[in-house]
Amino acid sequence: MHRSSRDRPKGNACVIGSGPNGLAAAIVLARSGLRVDLFETEAIPGGAARTMELTLPGFLHDFGSAVHPLGAGSPFFSSLPLRDYGLEWIHSPAPLAHPLDDGTAVVLERDLGEAASALSEDGKAWRDLMRPFVEHWSEFAPEVLRPIPSIPRHPWLMARFALSVPLSAKTTAHHFRSERTRALFAGLAAHSFLSLDEPLSGIFGLLMAISAHAVGWPIPRGGSQSLTDALIRYVEMLGGRVKVSCRIGSLDSLSPYDPILCDVTPRQLLRIGGSRLTRPYTRRLQEFRYGPGAFKVDYALSAPIPWKARDCARAATVHIGGSFDEIAASEKAARNGQHADRPFLILVQPSLFDPSRAPAGKHTAWAYCHVPNGSTADMLPRLEAQIERFAPGFRDCVLARRVFSPEDLESMDANLVGGDIQGGVLDIRQFLFRPTWRHYRVATARPLPGENPQKIYICSSSTPPGGGVHGMCGYHAARTAVRDLKR
Ligand SMILES: Cc1cc2nc3c(=O)[nH]c(=O)nc-3n(C[C@H](O)[C@H](O)[C@H](O)COP(=O)(O)OP(=O)(O)OC[C@H]3O[C@@H](n4cnc5c(N)ncnc54)[C@H](O)[C@@H]3O)c2cc1C
């Protein structure tokens, strides 16, 4: 249906920050008829969805996101013709492998039936837990990837899911009898950055597993930059402009624009908003809490990783940490300001499935573990000891490595405050009120006479539904802005 041009808002909008949420916001604004300028501090756009030669020439590394279940399953991104703009998803034969000390690996198969067979004694429990959401992903995804609480369009499905919200991963894992399945579930739940005995950690594990079966855990050919570049081409096709190497230090420099969408976290919003934010809103943003950070290493490798369990070579993502209890101890430590002796790692080996990432016969991989926010500890020996535990001889394959402490991550993307890759801890309070009860709308002080009453919104992963490359924070924030403009 075509809207008449009279229904379309007019004027100049701008977006600060070119992460996936900033780009999603820019697309919604441009589609509504606004002229959009997007400003990005860094020389390469994409925020934590960038791909760069971080080690040696010819080795392409994802600076941040590498595997994109929520990118491929995002209701917004999947509504865009991104394939026509260069995006191609690659699926490894299995989404995930989880090696164990006996030299075998638990493999999460993409097909739910095959996964159930592979998980043998826990197969039925696994299938019964996941099936309603896997089969109804297209109804389920828009419900979970938006602000909560809101009135569900599929109340039965969501009521079933909501029952799991208060459950910790530890409680949810009681569904499973085998230590192997419990270990698999611990790795999935550890993506939450929560302690595995905290509420919500269970729902994270479920969401990660459901997405693996419903859409897979694909990598973009060429790296996450391909997703960013496809989004930018689409923004430009809509008439938007992306200006890189352009840091916004204050909202006062953006007087020609209304609305302004900020793909930044609360700490930066406080800085650039200054006295334009109301006092109560400023106080609430000051109370916003960041979560544990990431300690990340990028590797250029002379050969594929020499896994003891050969099944690990079937999956782009490998969870390293052993048993449920070990992973739980690692995550509890990071949440409580400590460093685990045997940290849980998320490792990605993209070049096994996408040869464009490294020179012929060579490989790339990245791995990170969770550490206290802003930690300065050198986790490299512990991180590599964990990889060696399941892949003896790994160190001999390393041609070059690039280590990112939490501070290094933040220096390359200001949103990664203290190394927090989720835009703020996602506990119950910040799940419901993210970053405040106002969600996307920023409370601004009344303008002085003659001042332009601009509307300001926050659209980063510090808003609902939170971290991950799905663009839904930017989508919902921009839709809110467009609705407000039409009022
Ligand atoms: C190491 C790592 C691994 C990850 N792995 C995955 C994964 O495998 N899968 C997944 O789905 N997610 C992953 N993530 C998380 C995911 O990348 C983020 O949740 C997502 O990028 C958040 O998008 P965003 O748009 O909110 O913010 P960002 O991507 O952080 O983008 C914010 C942008 O705003 C810019 N900016 C900030 N302040 C200003 C300013 N004042 N002026 C101009 N520009 C500004 C920044 O430079 C940056 O480019 C990972 C992140 C990291 C760091």
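The values are calculated or read from the model by the stated rules, or taken from the named source; none is laboratory data. Note that the coordinates shown come from a computational prediction; the quantities given were computed from them, not determined experimentally. Because the Cβ atoms are built from the backbone with ideal geometry, glycine has one as well, and the counts that use them run over all protein chains shown. Ligands, DNA and RNA are stripped out before the accessible areas are found, and what is left, the full protein with its side chains, is counted by its heavy atoms. Shrake-Rupley method; radii C 1.70, N 1.55, O 1.52, S 1.80 Å.
Filtering segment 440-450 for residues that are in contact (Cβ under 8 Å) with a residue 40 or more places away in the chain, among the hydroxyl-bearing types (Ser, Thr, Tyr), away from the ligand (no atom under 11 Å from the Cβ) and under 30 Å from SER375 (Cα atoms) leaves a non-empty set. For LEU231, the conditions (1) open to solvent by less than 50 Å² (accessible area, probe 1.4 Å); (2) part of a helix (DSSP H, G or I); (3) touching a helix residue (DSSP H, G or I) at 6+ places or on another chain (Cβ under 6 Å); (4) under 23 Å from GLY419 (Cα atoms) are fulfilled apart from (4).
Could you tell me which residue of segment 274-288 is least open to solvent (accessible area, probe 1.4 Å), considering only residues that are of a type outside the set (Lys, Arg) and modelled with pLDDT under 95?
Taking segment 274-288 as the starting set, the residues that turn out to be of a type outside the set (Lys, Arg) are 274-275, 277-278, 280-282, 285-288.
Going one step further and asking which of them are modelled with pLDDT under 95, we end up with 274-275.
Details: GLY274: 36, SER275: 108 Å².
Among those residues, the one meeting the criterion is GLY274.
Can you find a residue that is within 10 Å of the ligand (Cβ to nearest atom) and either open to solvent by 10 Å² or more (accessible area, probe 1.4 Å) or on the phi > 0 side of the Ramachandran plot (or both) anywhere in segment 235-244? Let's see the steps before the verdict.
Within segment 235-244, the subset within 10 Å of the ligand (Cβ to nearest atom) is 243-244.
The next check asks that each one be either open to solvent by 10 Å² or more (accessible area, probe 1.4 Å) or on the phi > 0 side of the Ramachandran plot (or both); those that pass are 243-244.
Yes.
Within segment 253-263, identify whether any single residue is touching a Pro at 6+ places or on another chain (Cβ under 6 Å) and either open to solvent by 10 Å² or more (accessible area, probe 1.4 Å) or acidic (Asp, Glu) (or both), and answer yes or no. Checked segment 253-263: no residue is touching a Pro at 6+ places or on another chain (Cβ under 6 Å) and either open to solvent by 10 Å² or more (accessible area, probe 1.4 Å) or acidic (Asp, Glu) (or both).
When GLN286 is tested against (1) free of Cβ contacts under 8 Å to residues at least 24 places away in the same chain; (2) among the polar types (S, T, N, Q); (3) touching a Phe, Trp or Tyr at 6+ places or on another chain (Cβ under 8 Å), exactly one condition is not met: (3). Residues that are touching a helix residue (DSSP H, G or I) at 6+ places or on another chain (Cβ under 7 Å) and under 19 Å from ALA309 (Cβ atoms) do occur in segment 160-178. For segment 89-110, taking the residues that are out of contact with any helix residue (DSSP H, G or I) (no Cβ under 7 Å at 6 or more places or on another chain) and in contact (Cβ under 8 Å) with a residue 60 or more places away in the chain, the one that is farthest from ALA190 (Cα to Cα) is identified as ILE90. Restricting attention to segment 429-487, the residues that are of a type in the set (Asp, Glu) and open to solvent by 40 Å² or more (accessible area, probe 1.4 Å) total 1.
Just one of the listed residues (PRO45, PRO75, PRO93) is closer than 22 Å to PRO218 by Cα and within 11 Å of the ligand (Cβ to nearest atom), namely PRO45. From the list SER224, SER192, which one is closer than 29 Å to GLN430 by Cβ and within 12 Å of the ligand (Cβ to nearest atom)? Just one listed residue meets the conditions, SER224.
Does at least one position in segment 427-434 carry a residue that is free of Cβ contacts under 8 Å to residues at least 12 places away in the same chain and within 12 Å of the ligand (Cβ to nearest atom)? Spell out the reasoning first.
From segment 427-434, those free of Cβ contacts under 8 Å to residues at least 12 places away in the same chain are 429, 433; that's our starting set.
This time we only want the ones that are within 12 Å of the ligand (Cβ to nearest atom), so: none.
No - not one qualifying residue is present in segment 427-434.
Every residue in segment 371-400 that is part of a loop (DSSP other than H, G, I, E, B), in contact with a helix residue (DSSP H, G or I) (Cβ under 9 Å, 6 or more places away or on another chain) and either within 16 Å of the ligand (Cβ to nearest atom) or open to solvent by less than 20 Å² (accessible area, probe 1.4 Å) (or both), please. Give the steps one after another, and end with the answer.
Our first condition is that a residue be part of a loop (DSSP other than H, G, I, E, B); within segment 371-400, this holds for 372-379, 391-393.
Checking the rest, the ones that are also in contact with a helix residue (DSSP H, G or I) (Cβ under 9 Å, 6 or more places away or on another chain) come to 372-376, 391.
Result: PRO372, ASN373, GLY374, SER375, ALA391.
On inspection, GLY418 does not qualify as within 16 Å of the ligand (Cβ to nearest atom), open to solvent by less than 50 Å² (accessible area, probe 1.4 Å) and part of a loop (DSSP other than H, G, I, E, B). Just to be sure before I move on: is SER74 crowded, with 22+ Cβ neighbours inside 10 Å, hydroxyl-bearing (Ser, Thr, Tyr) and in contact with a strand residue (DSSP E or B) (Cβ under 8 Å, 6 or more places away or on another chain) in the structure I sent? Here the answer is no, as SER74 does not meet what is asked.
Evaluate the following for ALA25: is it within 12 Å of the ligand (Cβ to nearest atom), open to solvent by 10 Å² or more (accessible area, probe 1.4 Å) and of a type in the set (Gly, Ala, Ser)?
Numbers: within 12 Å of the ligand (Cβ to nearest atom): yes; open to solvent by 10 Å² or more (accessible area, probe 1.4 Å): no; of a type in the set (Gly, Ala, Ser): yes.
So ALA25 does not fit the description; no.
Table: residues versus (1) closer than 20 Å to GLY291 by Cβ; (2) open to solvent by 20 Å² or more (accessible area, probe 1.4 Å); (3) not in a helix (DSSP H, G or I).
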residue	(1), (2), (3)
ALA173	no, no, no
ARG180	no, yes, no
PHE185	no, no, no
ALA189	yes, no, no
PHE204	yes, yes, no
ALA209	no, no, no
HIS213	no, no, no
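Annotation: of all residues in segment 28-37 being more than 21 Å from the chain's Cα centre (by Cα) and open to solvent by less than 30 Å² (accessible area, probe 1.4 Å), the one that is nearest to the ligand (Cβ to nearest atom) is ASP37.
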